[in-house]
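Peer 1: Before we start, here is the structure in question, set down as structure tokens.
The values are calculated or read from the model by the stated rules, or taken from the named source; none is laboratory data. Keep in mind the model is a prediction, meaning the values are calculated, not measured. With ideal geometry, Cβ positions are generated from the backbone for all residues, glycine too; neighbour counts draw on all protein chains shown. Calculation scope for accessible area: heavy atoms of the full protein, side chains included, ligands and nucleic acids excluded. Shrake-Rupley method; radii C 1.70, N 1.55, O 1.52, S 1.80 Å.
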Amino acid sequence: MSPRSPSVNEELRRRSRERLLEATVELVSERGYEATTLGDIAERAGSARGLISYYFPGKRQLLQSAVHRLMHLTLEEALEREPRTEDGRERMARAIDAILGLAVDRPVLMRTHMAGILQAEGFVQCPEQQRLAFLLRDTVTRYGSADVDADYPLLRALLMGAVVAVLLPGAPMPVARLRSELFQRYGLDWEQGMPPDGGPPDGIPFTASVSELRVPCQSPRTRPPKDPPSETRSSTSQSSKSSK
């Protein structure tokens, strides 16, 4: 039997890694983080226990990679669903709804994930996290950001904060209220994206008012200049009068 080609080996490794990530999402969602062992994950994935150590330094890193993969796939599906669109505002709305939807649909998993990010190691710089970051940066770019390097981390922080607010034990915030705040910040209409049933919270317009829009994706370099100091205006005025 001839040896497998490098491309075949690479594909087998990719599939093996993905089975471990899928099994992690399933088991942590069902049992919680503490009750899920690496042996359980390997058994559910149909893999050898040693493969987990080959791909991941530990359970915490495995969980982060698994959730980042889930977030990437969920976001990608939302952005590319029919009818497909290149409209930056619609894509921003879909991105917000996709991430908030995960907090609602996978509360145990997402709460565990957010708690893990706050540990000393913070974000795990894995391929799954990089794919998720690429999609979010692309969303900010298509939205019309003048400074993606500043506005992408801001969007990420706002989404993380909203997820924490939805999942906060004992004092969760309504998803509709958080959605409306994010939509107003980015100047989005309530009916964009995947609006929840029941309409917007009381007092929130269905359509964003142009006069009320806040534009976070605007670089300080592109903001209009402030009025000159009063002394400058005074001297300018006097010069104008003397010229007459």
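Peer 1: Among helices (runs of 4 or more DSSP H) lying entirely in the stretch 1-113, which contain 3 or more residues that are among the polar types (S, T, N, Q) and more than 24 Å from the chain's Cα centre (by Cα)?
Peer 2: Details: elements: 6-31, 38-45, 49-55, 59-80, 88-105.
By residue number, 6-31.
Peer 1: Separate question: Could you tell me which numbered condition residue 91 fails, if it satisfies all but one of (1) open to solvent by 70 Å² or more (accessible area, probe 1.4 Å); (2) charged (D, E, K, R); (3) under 18 Å from residue 187 (Cβ atoms)?
Peer 2: So residue 91 meets the others, but not (1).
Peer 1: Six or more apart or on different chains, Cβ under 7 Å: which pairs go from a residue in the stretch 50-61 that's in contact (Cβ under 8 Å) with a residue 24 or more places away in the chain to one that's open to solvent by less than 50 Å² (accessible area, probe 1.4 Å) and in a loop (DSSP other than H, G, I, E, B)? Could you list them?
Peer 2: Short answer, once both residue conditions are applied: 61/124.
Peer 1: Right, another one. Among (1) touching a Gly at 6+ places or on another chain (Cβ under 7 Å); (2) closer than 30 Å to residue 170 by Cα, there is one condition residue 29 misses while meeting the rest; what is its number?
Peer 2: (1)
Peer 1: Sticking with this one: Residues to consider are 24, 37; find the one that is among the β-branched types (Val, Ile, Thr) and either open to solvent by 20 Å² or more (accessible area, probe 1.4 Å) or within 30 Å of residue 145 (Cα to Cα) (or both). First the steps, then the outcome.
Peer 2: On the way: 24 fails: either open to solvent by 20 Å² or more (accessible area, probe 1.4 Å) or within 30 Å of residue 145 (Cα to Cα) (or both).
Sole residue among the options that is among the β-branched types (Val, Ile, Thr) and either open to solvent by 20 Å² or more (accessible area, probe 1.4 Å) or within 30 Å of residue 145 (Cα to Cα) (or both): 37.
Peer 1: Identify the residue in the stretch 123-178 that is outside any helix (DSSP H, G or I) and of a type in the set (A, V, I, L, M, F, W, C) and, among all such residues, is least open to solvent (accessible area, probe 1.4 Å). So that I can check it myself, show each step before the final result.
Peer 2: From the stretch 123-178, those outside any helix (DSSP H, G or I) are 123-126, 144-147, 168-174; that's our starting set.
Imposing the further condition that a residue be of a type in the set (A, V, I, L, M, F, W, C) reduces the set to 123-124, 126, 146, 168, 171, 173.
Details: 123: 64, 124: 26, 126: 8, 146: 54, 168: 83, 171: 56, 173: 86 Å².
This residue is 126.
Peer 1: One residue is enough: does the stretch 58-74 have a residue meeting the conditions surrounded by 21 or more Cβ atoms within 10 Å (Cβ to Cβ) and in contact with a Gly (Cβ under 8 Å, 6 or more places away or on another chain)?
Peer 2: yes
Peer 1: Tell me which residues, restricted to the stretch 97-123, are over 13 Å from residue 168 (Cα atoms) and among the small types (Gly, Ala, Ser).
Peer 2: 98, 101, 116, 120, 122
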